[in-house]
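Taking it in order: structure first as structure tokens, then the write-up.
The values are calculated or read from the model by the stated rules, or taken from the named source; none is laboratory data. Quick caveat: nothing in here was measured; it's all calculated off a predicted structure. A quick note on method: Cβ atoms are made from the backbone with ideal geometry, for glycine too, and the neighbour counts reach across all protein chains shown. When the accessible area is computed, the model is the full protein with side chains, heavy atoms only, and any ligands, DNA or RNA have been set aside. Shrake-Rupley method; radii C 1.70, N 1.55, O 1.52, S 1.80 Å.
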Amino acid sequence: MNSDSPNQMLPIVDTLGRAHTALRISVTDRCNIRCFYCMPNEKIEFLPSREILSFEEIVSFVEILADHGVKKLRITGGEPLVRSQLYKLIQKLVVVPGIADVALTTNGILLTEQAQSLYDAGLHRLNISLDTLSEQVFQRITRRSGLEKVLQGIDQARQVGFSNIRLNAIAMAGLTETEVVPLAEFARQHRLELRFIEFMPLDAEQAWQPDKVFSGQDVKRMIEDRFGKLQPVQADDSSQPARNFAYDDGSGQVGFINSVTEPFCGSCNRIRLTAEGKLRNCLFSTTEWDIRELLRSDATGQEIAARVRECVFAKKAAHGIDGQDFERPLKAMYQIGG
Ligand code: SF4
């Protein structure tokens, strides 16, 4: 790949005028647990390592996008911490000119071991998945044990200095009702921001049904019944998916990502790079654009940016989950990166 002169760089805007300033980067499709709302329990054909983008290839792509207005990066998976020496990628990404924010989403199982190296590498923010505080429910969801490791990982992340930690909990009917109050109490007690994410039709076993969505509004009502009225908090970034509320007693904030019942596609600024180097203009995209083939050829930065533009120009107005002609993506959450 050849580099280009800096002043040819225009932001990446779609046909609806949405500027794409956030890139989510999946660094692996592998994971050390098997959450049923994400991946199958067995017989998984993982990507061979030669097909996975190298750290150098990811950094090259980010450098091109940073020249086109991308400022925020989120590292995802599968489970990103199973990718060996991930801190080395973080070290390189945080110094790319134009990149202002590098965050990571993890299931926390390997966080105790890696929190210090991630922090020292300059990682800015951590989102940790925590759907329950019951080992029994944890095993029902993940088909593995490990809740204790996740809680220790949260502790270690705070001890090494991470202050910007968010907890992500799935909101699923028939599962989350019993977890809402204990999770909210835990987050209030530890001064952590908790967010509930509505169950989306991206589960590998295709069990998703509209009636399995436990709506953010319902979760919010449960929290208000227990902790009192929640006050809306003005978002500092209009494109952020979460709607945040503050507890009246000053015990922090709780957020709701109501992607199914209250879609926020109108202000979407996100594109996604899969572990094997495919670009997606939406979580629910059924089409992908091959970036890896260009990164592994002598394509110029402009040629790569042109393919990114092509991808973004094809972006639909919204996911259309509630529409008659909604088509589930062929890929599941672990193959996209959330
Ligand atoms: S569903 Fe697609 S368009 Fe809507 S917010 Fe998510 S990524 Fe953006």
Quiz item: Any idea what the alpha-carbon Rg over 2.2 N^0.38 Å comes to for the stretch 192-338?
Solution: 1.24
Self-check item: Point-charge dipole on Cβ atoms (K/R +1, D/E -1) for the stretch 86-143, about Cα centre, debye to 20
Solution: 160 debye
Exercise. Summarise the accessible area of the chain (1.4 Å probe, protein heavy atoms) by the percent that is carbon and sulfur.
Key: 49 percent
Quiz item: Quick one: helix 55-66 against the long Cα principal axis of the chain, what's the angle to the nearest 10°, folded into 0 to 90?
Solution: 80 degrees
Quiz item: Per residue, what volume in Å³ does the Cα convex hull of the chain take up?
Solution: 128 Å³
Quiz prompt | Separation between Cα centres of the stretch 162-228 and the stretch 16-84, rounded to whole Å | solution = 24 Å
Quiz item: Which residues make up the longest stretch of the chain that has no GluC sites (Glu not before Pro) in a DSSP loop with at most 14 other Cβ atoms within 10 Å?
Solution: 46-204
Quiz prompt | the stretch 237-319, accessible area per residue, ligands and nucleic acids excluded (1.4 Å, Å²) | solution = 38 Å²
Quiz item: What residue among 313, 255, 266 has its Cα farthest toward the positive end of the dipole of the stretch 252-318, where the charges are +1 on Lys, Arg and -1 on Asp, Glu, each on the Cβ?
Solution: 255
Quiz item: Which whole-number value in Å² is the accessible area per residue of the stretch 4-104, probe 1.4 Å?
Solution: 43 Å²
Quiz item: Which residue, 160, 102, 219, has the most motion in a Gaussian network model of the chain that connects Cα atoms within less than 10 Å?
Solution: 160
Quiz item: Which value, in debye to the nearest 20, gives the size of the charge dipole of the stretch 31-119 about its Cα centre, when Lys and Arg are +1 and Asp and Glu are -1 at the Cβ?
Solution: 160 debye
Practice problem: Amide H neighbours of residue 101 under 5 Å, at least 5 residues apart or on other chains, H built in the peptide plane: list them. | Solution: 73
Exercise. Go through 43/72; 92/315; 72/220; 43/220; 71/315 and tell me which ones have a Cα-Cα distance over 31 Å in this structure.
Key: 43/72; 43/220
Practice problem: Return the aspartates and glutamates within reach of residue 212: Cα separation strictly under 16 angstrom, same-chain partners fewer than 8 residues apart disregarded; answer none if there are no such residues. | Solution: 131, 177, 179, 198, 203, 262, 322
Self-check item: Pairwise label distance in nanometres, residue 234 with residue 45, each label 7 Å out on the Cα-Cβ vector
Solution: 5.2 nm
Quiz item: For the Cα atoms of the chain, what angle does the longest principal axis make with the long axis of helix 147-160, in degrees from 0 to 90, nearest 10?
Solution: 70 degrees
Quiz prompt | Rounded to 5, the percent of DSSP beta bridges in the chain classed as antiparallel | solution = 30 percent
Quiz item: To the nearest 10 square angstrom, what accessible area does residue 222 show with a 1.4 Å probe?
Solution: 60 Å²
Quiz item: Between the helical axis of 180-189 and the dominant principal axis of the chain, each derived from Cα atoms, what acute angle in degrees is found, rounded to the nearest 10?
Solution: 80 degrees
Quiz prompt | Ellipticity estimate at 222 nm from DSSP helix runs (n ≥ 4, -39,500 (n - 2.57)) divided over the chain, nearest 500 | solution = -8000 deg cm²/dmol
Quiz item: Taking the Cα centre of the chain as origin and charging only Cβ (+1 Lys, Arg; -1 Asp, Glu), how large is the dipole, in debye to the nearest 20?
Solution: 220 debye
Quiz prompt | From phi via Karplus (6.51, -1.76, 1.60), per-residue ³J(HN,Hα) for the stretch 68-81 in Hz, x at Gly/Pro | solution = 10, x, 6, 10, 10, 10, 10, 8, 9, x, x, 10, x, 6
